[in-house]
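Student: Got a structure for you, written out below as structure tokens; questions coming shortly.
The values are calculated or read from the model by the stated rules, or taken from the named source; none is laboratory data. These numbers were taken from a predicted model, which means no experiment stands behind them. Backbone-built Cβ (ideal geometry, glycine too); neighbour counts: all protein chains shown. What goes into the accessible areas is simple: the full protein's heavy atoms, side chains included, and nothing from ligands, DNA or RNA. Shrake-Rupley method; radii C 1.70, N 1.55, O 1.52, S 1.80 Å.
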Amino acid sequence: MPHIIIEVSDDKLICHPEQLLASINQSLWQSNHFKQPTEIKTRLYTAAHALSGVAADDHQAFIMVHFYLLVGRDDATIRHLNQTIAQTIHQHMAVIESYQSKAKLQICVNSIELSNNYVKQLF
């Protein structure tokens, strides 16, 4: 744990997904909040259909991150981890993807604490 699930609005938005995932995992590992690097699991999906606003010409690209964590961290730590993810994505988009302001881009990170009933089995 944690699990990071990233949704993007357009399949052309991120051309180097492997680099983005590696950057996120590395930045979270460097935060020293996790015991093993293999605990950090990140994946990226493109929304089959997405629309921002009420008309197609209102389009705003987005990257929505669902950040699943086990319970027990304080709000300041969670906020710091959320900001780490958002900053890593922002830097990736600016440097690796060379994203320019063709369309506005919104990056959101929402952390979700799993219940105490979460089950994990290793085989």
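Student: Looking only at trypsin sites (Lys or Arg not before Pro) in DSSP loops with at most 10 other Cβ atoms within 10 Å, what is the longest site-free stretch of the chain? Please list the in-between numbers first.
Tutor: On the way: sites that count: Lys12, Lys35, Lys102, Lys120.
Formally, the longest exposed-site-free interval is 36-101.
Student: Can you tell me the FRET efficiency between Arg73 and Asp11 if r is taken as the Cβ-Cβ distance and R0 is 25 Å, rounded to the nearest 0.05? Each step should come with its number before you reach the end.
Tutor: Details: r = 33 Å, r/R0 = 1.33.
Result of the calculation: an efficiency of 0.15.
Student: I've got another one for you. If you add up the charges near Leu122, with Lys and Arg at +1 and Asp and Glu at -1, over every other residue whose beta carbon is less than 15 angstrom from its beta carbon, what do you get?
Tutor: Here the charged neighbours net out to +2.
Student: Just to confirm, what accessible area per residue do you get for the chain at 1.4 Å probe, in whole Å²?
Tutor: Values: 7920 Å² over 123 residues.
Counting only protein heavy atoms, the per-residue value for the chain is 64 Å².
Student: Same structure, new question: What number do you get for the stretch 22-123 when its Cα radius of gyration is normalised by 2.2 N^0.38 Å, N = residues?
Tutor: Details: Rg = 15.9 Å, N = 102, 2.2 N^0.38 = 12.8 Å.
In units of the 2.2 N^0.38 Å rule of thumb, it is 1.25.
Student: Round to the nearest 10 and give me the degree value, 0 to 90, for the angle of helix 75-95's Cα axis relative to the longest principal axis of the chain.
Tutor: 40
Student: If you roll a 1.4 Å probe over the stretch 1-103 with all protein chains in place, what percent of the accessible area is carbon or sulfur?
Tutor: Values: 3110 of 6090 Å².
Whole-percent figure for carbon plus sulfur exposure: 51.
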